[in-house]
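J.: Would you mind keeping the following structure in view while I ask a few things?
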Amino acid sequence: MDGALVPAWACVGLLTGAALAIPTRKLLVSRSTEVFPLKWVLSTITAVAFAILAWRLGDRFDLLPFSALAAGGVALGTVDVLERRLPSRLLLPVAAAVGSLLLASAAVHGTMSNLLQALAGMAVVAVAYLAIALVTGGELGAGDVKLGGLLGLALGWLGWPELFAGTVLGWLVAAFSWLVLRTTGRLTRNATLPMGPSLLLGALLAVCLSAMPDTRYL
């Protein structure tokens, strides 16, 4: 891997996060978020995520769809933390971008089996999350179910072990976050924990831990 790729891609992430701050700000409805340093938060976290992906994926084509997921995921996670929701106006375009790039990769590199596996992963996770949402009376929102499907699509592309690991890690991160917030008194008994950031972080951890193939280069 070219040693310049990681810092260069981090710079791309920095600019991408800054650009996403404008549409993300428009999605926020709470006036209390007007003083939130949205541009700097999105820029910094997106740059870090892009650097991690470049380090792990290298110059593989997979870097593009997973970077699209990371950029949109940072914006979604920020909105979820601030307002406890995952807006479809942001989530659906991110899903379309990730899906289109995976389709392009499958067409160019002849890996349609990976695409079918990704679609199966999306269906499995979305159905599982929908079942949890119905059984728990709405503990998981519609946005969480949609996000779960999107993460299932991306992780399913890598393989079933990555899909399982990413899903489990997401819930473990959520459980740890809940424990820390409850212990420190920052989360009341009846308060809900935004699941988006935890699920997204779990997916990123799964990518870092996965065994990457040596094909599908840019």
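J.: Does A95 qualify as being buried (at least 17 other Cβ atoms within 10 Å of the Cβ), under 15 Å from the mean Cα position of the chain (by Cα) and among the aliphatic types (A, V, I, L, M)?
T.: Spelling it out, A95 is indeed buried (at least 17 other Cβ atoms within 10 Å of the Cβ), under 15 Å from the mean Cα position of the chain (by Cα) and among the aliphatic types (A, V, I, L, M).
J.: Please determine, by comparing only the residues of the range 150-161 that are buried (at least 21 other Cβ atoms within 10 Å of the Cβ) and of a type outside the set (F, W, Y), which one is farthest from D80 (Cα to Cα).
T.: Of everything passing the filter in the range 150-161, L158 is farthest from D80 (Cα to Cα).
J.: Okay, moving on. Looking only at the range 30-50, count every residue that is assigned to a helix (DSSP H, G or I), modelled with pLDDT under 95 and among the small types (G, A, S) and tell me the total.
T.: 1
J.: Starting from residues that are of a type in the set (S, T, Y) and surrounded by 14 or more Cβ atoms within 10 Å (Cβ to Cβ), keep the ones in the range 107-134 and report whichever is farthest from the chain's Cα centre (by Cα).
T.: Only one residue fits best here, namely T111.
J.: Right, here's the next one. Among the listed residues G143, G138, which satisfies the condition of being of a type outside the set (A, V, I, L, M, F, W, C), in a helix (DSSP H, G or I) and open to solvent by less than 70 Å² (accessible area, probe 1.4 Å)?
T.: Going through G143, G138 in turn, just one is of a type outside the set (A, V, I, L, M, F, W, C), in a helix (DSSP H, G or I) and open to solvent by less than 70 Å² (accessible area, probe 1.4 Å): G143.
J.: Turning to a different aspect of this structure: I'm trying to understand the selection: among the residues of the range 51-65, which are open to solvent by 10 Å² or more (accessible area, probe 1.4 Å) and assigned to a helix (DSSP H, G or I)?
T.: Those that are open to solvent by 10 Å² or more (accessible area, probe 1.4 Å) and assigned to a helix (DSSP H, G or I): A51, I52, W55, R56, L64.
The values are calculated or read from the model by the stated rules, or taken from the named source; none is laboratory data. Here the structure is a predicted model, which means the values were calculated and not measured. Cβ: placed from backbone, ideal geometry, glycine included. Neighbour counts: every protein chain shown. Surface accessibility is based on the protein's heavy atoms, side chains included, excluding ligands, DNA and RNA. Shrake-Rupley method; radii C 1.70, N 1.55, O 1.52, S 1.80 Å.
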